[in-house]
Amino acid sequence: MCFLYMMSTASLMPLVASAQNSTDADPWAGVEEMLVTGSGINSLLDPENVSVIAFDTKMLADRGVADVGDIAAFVPNLDIRSQNATNASFFIRGVGLQDFGANSTSAVPIIQDGVIRNPSATQLVGLFDIEGLSVLRGPQSTGNHRNASAGTIKILTAKPTPEFSGYAQTTLSQISSVDAYDAPRYNVEGAVSAPLWKDIVSMRISARYSKEFPFVENGCANRSPIASRPEAVFGNDANAQICETITRTDTFDNIQGIDGERLRPREISAVRPFLAKRLGEVDDYAFRVQLRVQPPGSNLDFILRAEASNLNRDSTVGSHVGTGRFLGGLDSFGYSDAETSLRHEQLQASGLSEEDADAEIARQIFEDGGDRLPYRGNFDSPGRTIVETLTISQTTKASFDAFEMEVNLGYIQYNKSEGRDTDISPNRVFPSTSEDDAWEAYASVDFQGEDLFGLPLSWTAGGYGIAENVEAKQIQTLGFVGVRTVTTDFEQDTYGFGLFADFDYEISERMTFSAGARYNWEKKEFQVNDLDLVPIGNFFFEDTAESENQLTWDAVTGFARVRYDFTEDIGVYMSFTRGFKAGHFNPSRPDSAQIPGKGFADPEKLDAFEWGADFAGWGDRISGNLAIFYYNYRNYQVFRLTSNFGGVFREIQNAEKARSLGAELSVTLRPLQGYVPEAIEDLTITFDGGWLETEYLDFVNFDQRNTPAGQFNINVDNTGNPLISAASLQATLNVTWPLLLDRFGTLTPQYDMTWTDDTPFDA
């Protein structure tokens with residue numbers, strides 16, 4: 001017979017232990033085959049994975065998870081930050097890369113249906129019709145986990161079935177806030193599976209549509225064509241300004257806008273015409289078609305997938321705080337947010353000196369965590385972000401007498417355009433527009449077996465290969481002196497492969513030894529050029545810069561782990577893992593592709609030590625696991641954002657040494673099982689907590705400064721500071737209580753809580 005066993009995977013290891021704990025007769029007696037399904041379960045069965053949090057379809061839906069970025073609220077020591085509508089940075093246990101560029105490579109690869117989604121604009125995967133999702137914490141040093149020095153996020157989509165089945169669901173919600181416009185949102189998704197030919201060929205079609213109405217107020221909204229606008233009579237003439245301002249009178253009784261546009265005499269407002277009053281609209285859709293072939297008696301399973309998506313959103317805006325001379329101060333154009341300006345005026349009116357008012361404003365902004373009106377701003381050039389993505393992939397699984405084989409092939413392509421008010425102010429300081437596109441071809445194969453030459457040894461071996469091309473163009477307008485534009489174009493080709501093998505050896509009934517290794521090879525070809533148009537009178541001076549480089553990196557990574565089970569309920573392990581992530585080129589430095597530490601960053605390496613335990617007790621009413629780890633980094637890659645009169649530069653730099661110490665605890669309680677009637681006994685309480693203590697042990701870098709006398713470098717010492725995106729404490733709590741109501745179905749109240757400590761943003 002065949003037995004299909006499906007379970008919630010949040011605390012799988014205790015559940016597996018409890019299945020072995022019964023003193024009754026073997027519940028699986030006579031079962032010839034057991035199929036264990038679910039992304040999280042399959043991940044735990046990989047030899048190198050010892051710390052996993054997994055979600056099945058229901059858990060994702062119950063928590064309102066719409067894309068990969070939403071899961072960070074429910075996974076301690078996972079931090080996901082989004083700078084714009086498409087690109088995100090992923091950190092696990094303080095390891096990651098806070099870069100949002102088109103050619104960035106995450107330390108947390110996203111693997112969907114066996115294919116790595118390396119292009120950065122495709123990594124905020126929209127989750128629809130999903131079978132399961134797993135977060136693998138810690139460096140993944142073997143298997144098909146390229147550059148996974150922090151961990152991996154694995155996603156499996158729901159598969160076609162030879163029976164008619166399907167679902168449809170709608171989620172309705174609304175932003176209701178005193179800080180933002182009330183804005184409705186809705187999400188519609190559904191799927192249907194159907195047989196095409198007997199039980200051999202089946203198909204599944206799934207789709208999703210998301211609509212979010214705008215909720216951010218733009219004080220620069222207008223219906224005013226530029227040709228109809230009046231000239232400024234004097235500097236900062238409030239009558240010529242388009243954006244909403246607070247005004248005051250100077251010593252000559254001239255009215256000035258103290259928080260609006262910067263206008264010179266006889267200058268016309270350059271705010272884009274016909275701007276909408278509200279920002280934040282989302283209008284996305286995606287659909288997927290899958291074809292599955294399962295020839296009878298062949299032990300073959302073939303799935304072909306095609307997925308297309310379109311993301312169409314208002315580009316991300318923010319709250320202008322100001323960091324000129326102090327927090328909350330004026331920017332380089334003399335602009336301050338209206339709410340901040342008003343507070344400053346009120347403080348001075350109460351009798352404080354300007355210096356004391358400055359200090360009080362800085363203190364209030366720090367304690368408030370920013371602007372008190374975070375969903376209101378003055379944006380002169382808000383833009384739109386559009387991303388079109390196409391993914392084609394296939395998975396082939398085959399079983400033979402001695403081993404099982406899995407082959408994954410994938411092709412990913414995207415096109416993206418984005419306009420952003422990068423300076424988030426009413427002035428043209430450095431708004432930007434960009435276009436980039438990329439394609440990726442990926443292939444992997446692995447073989448698994450349960451014995452080798454008669455030894456009680458389960459093993460996995462295989463490899464992967466990847467080729468990727470990224471082309472990007474960014475135009476940045478600098479309004480410091482006249483109107484200057486900087487256009488940067490770059491192209492990067494990446495080629496890489498890995499070969500791996502790992503095994504589990506059962507030394508005794510209670511002790512298991514696991515080990516594995518992978519050879520990693522990667523090559524990047526990079527070229528960048530820059531055109532700088534500087535206005536001089538009625539002419540433009542052209543300044544060009546270009547450079548190129550080609551680098552190859554390789555490394556051997558691996559792990560070793562010993563596990564000992566004291567009882568069927570309690571087991572412990574200890575492991576050592578070597579992680580690796582290839583180097584990176586910095587497109588922002590068009591003349592420096594061959595200069596270490598400026599044009600490119602070296603590969604990072606990581607040695608990870610981990611100790612852990614999993615447990616179950618009280619008749620399986622309590623279960624959980626604990627992990628304690630210590631990381632030692634070399635050449636840790638750190639993103640830094642710098643700026644000078646030459647523009648805004650995004651750089652990856654190496655911290656020579658860094659460390660991380662941390663722990664994670666997961667506990668699941670089912671306190672009512674066996675004590676109350678069956679209809680109300682399924683109360684489940686799950687707690688997950690994480691702790692991190694991180695530090696740069698040696699991180700001295702330099703920044704450039706421009707003065708009338710020339711350009712010079714200053715050393716910046718970040719040694720002793722905590723790592724980026726590494727909150728000291730995180731905790732989540734989930735309480736569910738299914739109440740069986742006989743023929744009326746099941747009512748399930750649920751409560752979710754998540755809390756995160758202060759998180760460092762910059763080195």
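The values are calculated or read from the model by the stated rules, or taken from the named source; none is laboratory data. In this text the structure is predicted, and so the values were computed from the model without any measurement. Every residue, glycine as well, gets a Cβ built from its backbone with ideal geometry; the counts of neighbours run over all protein chains shown. Heads up: the accessible areas ignore ligands, DNA and RNA and are worked out on the full protein's heavy atoms, side chains in. Shrake-Rupley method; radii C 1.70, N 1.55, O 1.52, S 1.80 Å.
Laid out as a table, the results:
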quantity: Protein-only accessible surface order, largest first, of 282, 445 at 1.4 Å; calculated: 445, 282
quantity: Computed [θ] at 222 nm, helices only, for the chain once each DSSP H run of length n ≥ 4 contributes -39500 (n - 2.57); calculated: -2000 deg cm²/dmol
quantity: For the range 62-142: accessible area per residue (Å², 1.4 Å); calculated: 15
quantity: Karplus 3J(HN,Hα) series, Hz, for the range 368-384 with 6.51 cos²θ - 1.76 cosθ + 1.60 (x for Gly, Pro); calculated: 6, x, x, 5, 6, 10, x, 10, 9, x, 10, 10, 7, 9, x, x, 10
quantity: Cleavage-rule hits, chymotrypsin sites (Phe, Trp or Tyr not before Pro), the range 342-406, DSSP coil, Cβ neighbours within 10 Å at most 15; calculated: 400
quantity: Rounded Å value of the spacing that divides the Cα centres of the range 54-113 and the range 537-584; calculated: 17
quantity: Charge sum, other residues only, whose C-beta stays under 14 Å from residue 115's C-beta, Lys/Arg counted +1 and Asp/Glu -1; calculated: -1
quantity: Efficiency of FRET from Cβ geometry, residue 198 and residue 310, R₀ 45 Å, rounded to 0.05; calculated: 0.80
quantity: DSSP loop trypsin sites (Lys or Arg not before Pro) with at most 15 other Cβ within 10 Å: longest gap in the chain; calculated: 511-763
quantity: Fully extended contour minus Cα-Cα distance, from residue 613 to residue 634, at 0.36 nm per residue; calculated: 4.7 nm
quantity: Separation in nanometres of the label points that stand 7 Å from Cα toward Cβ, at residue 364 and residue 540; calculated: 4.3
quantity: Crossing angle, helix 338-349 versus the chain [Cα axis fit, 0-90 degrees, rounded to tens]; calculated: 60
quantity: Label corresponding to volume of the Cα convex hull per residue in Å³ when calculated from the structure given, among (1) 196; (2) 452; (3) 187; calculated: (3)
quantity: The chain - percent of accessible surface contributed by carbon and sulfur, probe 1.4 Å; calculated: 56
quantity: Pairwise FRET efficiency - residue 264 versus residue 186, Cβ, R0 = 56 Å, nearest 0.05; calculated: 0.75
quantity: Rounded if a/c under 1.5, otherwise prolate or oblate - the range 51-160, Cα gyration tensor axes; calculated: rounded
quantity: Filtered chymotrypsin sites (Phe, Trp or Tyr not before Pro), the range 720-763: DSSP coil and at most 16 other beta carbons within 10 Å; calculated: 761
quantity: Residue-normalised accessible area of the range 265-424, given per residue in Å² at a 1.4 Å probe; calculated: 48
quantity: Where chymotrypsin sites (Phe, Trp or Tyr not before Pro) fall in DSSP loop in the range 538-584, at most 11 other Cβ within 10 Å; calculated: 566
